[in-house]
Each structure stands twice: as structure tokens, then as C-alpha cells.
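**Student:** Input: one structure, supplied below.
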Amino acid sequence: SLENQNINSSAVEQAVINFRLERNLSDPQAFQQWLDSNQMSYDSFHQQVEMGFKRETLKLSIVQSQLEAFFQERKAFLDTVILSRIVVADYELAETLHRRILEEEARFEQLAREYSLTPERSVNGMMGAVSLATLPDSLKAVIPGSAQGQVVGPVEIEGRWCLFRVEQLIEASFDDPKLKQRLQNELFEKWINEKLNTLTVKLQIND
């Protein structure tokens, strides 16, 4: 539980100092005004910081053992690809455009501006980053193994024919601190929700 955790008091002090520096509250009078405006005493503020530490420590102790497995489970959603596309109405045209690109008769960007039916034609067909997990099945099969700059297609999507150029594959890394923090928060929320659901079920049984 939160109460039973020993928190390093110097770490709490350092967190208080950092908090004050970040918000330009290093002047004692300014800090006192801030406390007053938030209806807090110095002690209650200190307790809040300590509780924050305890919550983080609890979070880490709960999620640490499950974090890597959770990362692997979510990896398909975390890996992204930056794509450009040309979307046309018929297969023959898509095939012709693909051949022209392969034979270097025309550049992908030029053909996107000239022929594509979708709004990103104005930016050379550039779609931006897309999660690999959200790609249509026909693309999921080919995109992950494609080299940067490779043109894939024609692929039929919703009755239209598309050519895709792979601009960049961005693989999620377990060592990315921001991503790790995000996954910790997700996993902790999942854990809390499971606990709340269990509690709700118990309450209903006991009613």
C-alpha cells in the first residue's frame, strides 16, 4: 500500500525545489502566495509531493515485471510507417504509373500531383505516419518487409487502386523513455480498472 512505502526524504525535497524552480516560486514570499491561492499549507503541499512519489513507486513495482510483455503485445500498434500514395480509379492506370516510376520515366511526386484523387496530392502524395496495426490487411503483408523508397502496389482499397511509397519505417524501441512512461501509465490504468471491476463485482455479490 502507499502508506507502507519508505520514500527517500531528500528525493522529496529535491522534487519540491524542482517544482518551485520550474514555476518561478523560489522566492519564499511568492511560494507562500502560491500556497495560499491553492489553499494549502507547506506541510500539506509536502504531503502531496510525497504521495506523488509513493504513487510512482507503487506504479513501478506493479508494472515493471509486466512492462516488456505489454510492449511486445502493443508493438504492432507502436510501430509506424511514413507513406506516400497515389490513388486512382482503375487498375490499368495504376499499373501504368507504377511502370513509369520503375522505369524512371516520371517521378512519384509528379504523378501524385497529376493523377491522385485524394487531397494529399497537393503535398506530393505524402500521408504522414500511420500505425502498422491500422493498415489494411493487403498492406500489412507487404509494407514491413519493404525497403525505404520502394513503391508497392497496385493495391485495391475501398474500390480504388493505390500505389504506396515507403518513406520511413519507424520501429518502436523499448529503450525509448517517453514510450516507456506512456506504457507504464497505460498498464497502471489497466491494473487500476481491473481492481475497480473486481471490487464492483464483490460489492454486487455482497449486496
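**Student:** Provide the solvent-accessible area of residue 166, counting protein heavy atoms only and rolling a 1.4 Å probe, rounded to the nearest 10 Å².
**Tutor:** The value for residue 166 is about 0 Å².
**Student:** Taking θ as phi - 60°, what are the ³J(HN,Hα) couplings along region 160-175 by the Karplus curve (6.51, -1.76, 1.60), each to the nearest whole Hz, with x for Gly and Pro?
**Tutor:** 10, 10, 10, 10, 10, 10, 7, 7, 6, 9, 10, 8, 5, 10, 5, 8
**Student:** Here's something else I'd like to know. Quantify, in whole percent, the carbon and sulfur part of the accessible surface of region 97-141 (1.4 Å probe; protein heavy atoms only).
**Tutor:** Working: 1350 of 2680 Å².
The nonpolar share, carbon plus sulfur, comes to 50 percent.
**Student:** Would you please state the base-10 log of I(q)/I(0) at q = 0.16, 0.22, 0.30 1/Å for region 89-149, with intensities from the Debye formula using one equal scatterer on every alpha carbon?
**Tutor:** -0.64, -1.16, -1.19
**Student:** With the Cα gyration tensor of region 21-155 in hand, give its eigenvalues times 5 under a square root as the equivalent ellipsoid semi-axes, listed largest first in whole angstrom.
**Tutor:** Values: eigenvalues 593, 99, 24 Å².
Those come to 54, 22, 11 Å.
**Student:** By accessible area of protein heavy atoms, probe 1.4 Å, what ranking do 180, 140 get, highest first? Write out the running numbers ahead of the final one.
**Tutor:** On the way: 180 60, 140 85 Å².
Final ranking, largest accessible area leading: 140, 180.
**Student:** Could you state how much accessible area residue 91 has, in square angstrom rounded to the nearest 10, with a 1.4 Å probe and all protein chains kept in place?
**Tutor:** 90
**Student:** If we count every other residue with Cβ under 10 angstrom of residue 133's Cβ, Lys/Arg +1 and Asp/Glu -1, where does the sum land? Mind showing how you got there, number by number?
**Tutor:** On the way: positive: 74, 75, 140; negative: 79.
Residues close to residue 133 contribute a combined charge of +2.
**Student:** Note down the accessible area of residue 103, probe 1.4 Å, to the nearest 10 Å².
**Tutor:** Its accessible surface works out to 110 Å², give or take rounding.
The values are calculated or read from the model by the stated rules, or taken from the named source; none is laboratory data. From a predicted model like this one, the values you see are computed outputs, not experimental measurements. Glycine gets a Cβ as well: all are built from the backbone with ideal geometry, and neighbour counts include every protein chain shown. Remember, those area values only see protein heavy atoms, side chains included, never the ligands or the DNA or RNA. Shrake-Rupley method; radii C 1.70, N 1.55, O 1.52, S 1.80 Å.
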